[in-house]
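**Q** The following block contains the structure, expressed as C-alpha cells.
Values quoted throughout were computed directly from the atomic coordinates according to the rules given, and no laboratory measurement underlies them. The structure displayed is predicted, hence computed values, not measured ones. Glycine gets a Cβ as well: all are built from the backbone with ideal geometry, and neighbour counts include every protein chain shown.
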Amino acid sequence: MSNVLLVGTHWGDEGKGKIVDVLSENASGCVRFQGGHNAGHTLVINGVKTILHLIPSGILRDNVTSIIGNGVVISLEALETELNDLASKNISIKNKLFISEACHVILPTHVALDIAHEKSLGKSSIGTTGRGIGPTYEDKVARRGIRLIDFYNIDNLRKKLIKSMDYHNFLLTKYYKESPISLESVLESLTPIFENIKDHVCDVIPLILDLNKKSNIIFEGAQGTMLDIDHGTYPYVTSSNTTLSGLISGTGIGVDKVNYSLGITKAYTTRVGHGPFPSELHDQLGLDIAKWGGEVGATTGRARRCGWLDMKILNKSIELNRINGIALTKLDVLDNLDLIKICIGYGDIDYDTFEVDGLEYIELKGWKSSTVGITNYKDLPENAKLYIKAIEELSKTPVVMISTGPARNEIICLKDIFAT
C-alpha cells in the first residue's frame, strides 16, 4: 500500500483540496495533520461548491475514512457548522469521520486573545485570521491546553478550564483592557457540541495503521510550506508545522509510512495577509490574475496578493518536504497572458520593509488560448507545455498532475501516484 503526503509549496491556497479529492478515489483514508479552521479547502463536485476547514477533503467520498489527527486544533463551533453544512448536502459522516482525542480545543478566550493581540500590534500586526489558532498552540506548548479527551470528565474539565481561563482573563482584562469571558458560558456552549460528536472521537493511530494495511492513505495539511512556524517567513507564519515534519508529529506515524510526497504548486504565486512576497505584482496585472483566479480566501474572504511563480521558494519546499512530484494547479488562469515570468532568484529579504534585492526572472511566451477542462497533456498548447517543462527543469522535479479548472474532472494525470 502507498501513502501520499500532499503539501502546499508556497503560502497556502495552492488547491490542495481538489487534488486530495481527485486522489481519494483510489484511497481508503484521508488524514488531516495540523492547523485549524483558519484554512479552507474548496471543492467543486458536479457544480456544487463545498468549503472544508477542519474536516479532511476525503469526506466527500463514500469509500474514504476521514481522520483529524492530534496536530489539529479544533474549534467545536466551527466543526459543528461544517458538519451541518455537510448534512444539508446529504453527505454522511457516519463511520467515516474520526477525530483524535488528543486534539487541543480552541476556547472563546483563545479567540478573544487572538483578536486583542492583533489589535494591540496596530500597523505591525501579523495578519492572523483571528480564529484563536495561535493562542491555542501557545497553551499546548505551555502545557495548559484543553484537549477533546478532557470533555469526557466534566469535573476535571472544569478544573482545567479554571486554570486556563483565569490566565486568559487576566491577560484580557489587565493587559489588553478587554472584557473577561465566563467559565459557565464556555461550558454551556462547548459541552453540548462535544456530546454530539463524541462517537467520532478516539485514539486514531491504530485506525491509521489498520487502514494502511488495506489500501492507500492521503495525508493533507493546511496552509503551505512558507507558513511553517520553523521554516516559513517568520514571524509572518502560522503556529504549526505545515511541512513533512508536521505530518509525523501531527499523526504519530513514522516517516517510513510516507511513500510519496506531492507538492501542490499554483502556476503563479499568492499569499494572504502580511509578510514578504518577493515576486508580488503591484500593478493591474496582479489585480487581473486575482480576478481571473478568483483569489479570495476560502476562510476569511480576504483578497489574495498575486505574483509570478517563485522558483526559489519551490526548490526550498522540495527539499524540506522530500517532494517527489508536482501537482500544478490553476494553469488556466494564465491563458490570457502574452508573456509569463518565473522568478528564479533574489537576495536576502528585509523582514521589516519586505524589500528584496536583485530579483531575477526568466520570461516565456504565453499561449493565448484556453486550457480550461483539458484532460489530455497532448491537447495543451505548445507554449503551455514549454512553461511546464521550464518548471520541471528549474525544480529538477516532474510535474505529475495538472489542474485545468476547479471541477473534479478538470485534471491531467501523468502518473499513478499510488503505484510508486
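**Q** Relative contact order for the stretch 104-200 using alpha-carbon pairs under 8 Å, separation at least 6, rounded to a whole percent? Could you put the intermediate results ahead of the total?
**A** On the way: 92 pairs, mean separation 28.2, N = 97.
Value for the stretch 104-200: 29 percent.
**Q** Moving on to the next point. Name the most mobile residue of Ser57, Ser245, Ser185, meaning the one with the largest mean-square fluctuation, in a Gaussian network model of the chain with Cα contacts below 10 Å.
**A** Per the Cα network of the chain with a 10 Å cutoff, Ser185 tops the list.
**Q** Now, a different point. For Lys16, which aspartates and glutamates qualify as cross-link partners when the Cα separation must be under 13 Å and same-chain residues fewer than eight apart are set aside?
**A** Within the straight-line cut-off, Lys16 pairs with Glu220.
**Q** Would you check the stretch 104-200 for Lys pairs whose C-alpha atoms are within less than 29 Å, ignoring same-chain pairs closer than 8 in sequence, and give me the count?
**A** 23
**Q** Further question: Can you list residues from other chains, or at least 5 along the same chain, whose modelled amide H is less than 5 Å from the amide H of Ile264?
**A** Under 5 Å from the amide H of Ile264: Val7, Gly8, Thr9, Ala327.
**Q** For the chain, with a Gaussian network of springs between Cα atoms less than 10 Å apart, report the residue from Asp335, Asp228, Asp199 with the top mean-square fluctuation.
**A** Of Asp335, Asp228, Asp199, the Gaussian network model singles out Asp199 as fluctuating most.
**Q** Between Gly250, Gly358, Gly145, where does the largest GNM mean-square fluctuation fall for the chain, given springs only between Cα atoms within less than 10 Å?
**A** Taking springs between Cα atoms under 10 Å, the residue moving most is Gly358.
**Q** What net charge do the residues around Glu280 carry, taking every other residue with its C-beta under 11 Å from that of Glu280, with Lys and Arg at +1 and Asp and Glu at -1? Present the calculation step by step, with values, prior to reporting the outcome.
**A** Values: positive: Arg271, Arg304, Arg305; negative: Asp283, Asp310.
Charge balance in the 11 Å sphere: +1.
**Q** Also, I was wondering about something else. How high is the relative contact order of the chain, in percent, with contacts defined as C-alpha pairs under 8 Å that are six or more residues apart? Intermediate results must be reported in sequence, preceding the final value.
**A** Numbers: 909 pairs, mean separation 88.6, N = 420.
This gives 21 percent for the chain.
**Q** Which of Ile402, Ile349, Ser75 sits farthest toward the positive end of the charge dipole of the chain, with +1 on the Cβ of Lys and Arg and -1 on the Cβ of Asp and Glu?
**A** Going by the Cα projections, it comes out as Ser75.
**Q** What does the charge count near Cys202 come to, summing +1 for each Lys or Arg and -1 for each Asp or Glu among other residues with Cβ under 14 Å from its Cβ? If you can, show how the numbers build up before the last one.
**A** Values: positive: Lys96, Arg147, Lys198; negative: Glu101, Asp199, Asp203, Asp210.
Computed value for this residue: -1.
**Q** Let me ask another. Can you find, among Pro206, Pro381, Ser245, the residue sitting farthest towards the positive end of the charge dipole of the chain, where Lys and Arg contribute +1 and Asp and Glu -1 at Cβ?
**A** Toward the positive end, the furthest listed residue is Pro206.
**Q** Another question about this same structure. Please list, ordered by chain and number, the residues whose modelled amide H lies under 5 Å from the amide H of Gly35; skip anything fewer than 5 residues away on the same chain.
**A** Excluding prolines and chain starts, which carry no amide H, the hits are Val73.
**Q** Using θ = phi - 60° and the Karplus curve 6.51 cos²θ - 1.76 cosθ + 1.60, what whole-Hz ³J(HN,Hα) does each residue of the stretch 338-350 get, with Gly and Pro shown as x?
**A** 7, 9, 10, 10, 10, 7, 10, x, 5, x, 6, 8, 8
**Q** From the phi angles alone, apply the Karplus equation (6.51, -1.76, 1.60; θ = phi - 60°) to the stretch 135-142 and give each ³J(HN,Hα) in whole Hz, x where the residue is Gly or Pro.
**A** So the Karplus estimates, Gly and Pro as x, are x, 5, 5, 4, 5, 4, 5, 7 Hz.
**Q** For the stretch 159-283, what is the relative contact order in percent, using Cα pairs closer than 8 Å and at least 6 residues apart in sequence? Display every interim value, and only then the final one.
**A** Values: 64 pairs, mean separation 15.8, N = 125.
In percent, rounded to a whole number, it is 13.
**Q** Checking the table Lys312/Lys389; Lys316/Lys368; Lys312/Lys341; Lys49/Lys214; Lys365/Lys385 against a 19 Å threshold on Cα-Cα, which pairs fail?
**A** Working: Lys312/Lys389 17 Å; Lys316/Lys368 31 Å; Lys312/Lys341 13 Å; Lys49/Lys214 31 Å; Lys365/Lys385 11 Å.
Beyond 19 Å: Lys316/Lys368; Lys49/Lys214.
**Q** A further question follows. Given +1 on the Cβ of Lys and Arg, -1 on the Cβ of Asp and Glu, and no further charges, what dipole in debye does the chain carry about its Cα centre, rounded to the nearest 20?
**A** Numbers: 44 positive and 50 negative charges, 120 e Å.
Using Cβ point charges on Lys, Arg, Asp and Glu, the chain gives about 580 debye.
**Q** For Tyr361, enumerate residues with amide H under 5 Å from its amide H, sequence gap 5+ or separate chain, H modeled in the peptide plane.
**A** Counting only residues 5 or more places away or on other chains, the set is Ile344.
**Q** Report the one residue of Ser182, Ile154, Asn169 whose Cα lies farthest in the direction of the positive end of the charge dipole of the stretch 104-200 (charges on C-beta: Lys and Arg +1, Asp and Glu -1; origin at the Cα centre).
**A** Checked the options; the winner is Asn169.
**Q** In debye to the nearest 20, how big a dipole does the stretch 9-80 give about its Cα centre with +1 on each Lys and Arg Cβ and -1 on each Asp and Glu Cβ? Mind dumping the intermediate values first?
**A** Working: 5 positive and 7 negative charges, 20 e Å.
With only Lys, Arg, Asp and Glu charged at Cβ, the dipole is about 100 debye.
**Q** If you don't mind, there's one more thing I want to ask. Could you give the size of the charge dipole of the stretch 104-200 about its Cα centre, using +1 on the Cβ of each K and R and -1 on the Cβ of each D and E, expressed in debye and rounded to the nearest 20? Provide the component values of the computation, followed by the final result.
**A** Values: 14 positive and 12 negative charges, 76 e Å.
Here the stretch 104-200 has a charge dipole of around 360 debye.
**Q** Can you tell me the FRET efficiency between Asp283 and Ala87 if r is taken as the Cβ-Cβ distance and R0 is 30 Å, rounded to the nearest 0.05? Walk me through the intermediate numbers first.
**A** Numbers: r = 45 Å, r/R0 = 1.49.
Calculated transfer efficiency: 0.10.
**Q** How many percent of DSSP beta bridges within the chain run antiparallel, rounded to 5? Numbers along the way, then the final one.
**A** Working: 21 of 58 bridges.
Taking every DSSP beta bridge within the chain, about 35 percent pair in antiparallel fashion.
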